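Contents: one structure, followed by commentary.
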């Protein structure tokens, strides 16, 4: 994505559409946009492959909402992030299929564990973007509120609407939880 963004900005600069001082900002923004589009499309394709297209959308939205404010693991390279995304989303959708034939108890145990881990570990801070005490407090409350609302939505959907949608929300929370745990482990290893 970086190479594509660099080439696009070089062409825009050469044509006079942007100034040299703005190239780096536009390049970064385009790279982030393209990466986001690639990740989203990949999640949707994985959902299609597993026959869980709607559920993959719900999973992505619930994960995105939690991840936005709770934080989590950041890969050092874009290709690593992409591979982690593909692996975790594939795993979550496989687990969703497995849970559709399991007991309700398994769903509630999993939902409780991921909800508690998000409550205990959020927000996760990245070394490149430290949070002030006020930001930590605000992000913690927002992530707790989102997590609580998504947990309630998951429970409601699982019991009274669609088990698959309830599980998809739960899988989004699971991915958020895994990301927070991975960030915590990474911080602990960095301190050694």
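Brief remarks on what is shown
- Neighbour-count order for 39, 126, fewest beta carbons within 10 angstrom listed first: 126, 39
- Relative contact order (percent, whole number), the stretch 53-191, Cα cutoff 8 Å, 6+ residue spacing: 45 percent
- Of 96, 65, 83, the one that fluctuates the most in a GNM where the chain has Cα springs shorter than 10 Å: 83
- The chain: most fluctuating residue of 129, 68, 137 per GNM, C-alpha cutoff 10 Å: 129
- Neighbour-count order for 147, 170, fewest beta carbons within 10 angstrom listed first: 147, 170
- Normalised convex hull volume, the chain, alpha-carbon set, Å³ per residue: 143 Å³
- Here the Gaussian network model covers the chain, with springs between Cα atoms less than 10 Å apart; of 133, 157, 70, 133 fluctuates the most.
All of the numbers you see were taken from the coordinates with simple rules; none came from a lab. Keep in mind that what you see is a predicted model, and the values were worked out from it rather than measured. A quick note on method: Cβ atoms are made from the backbone with ideal geometry, for glycine too, and the neighbour counts reach across all protein chains shown.
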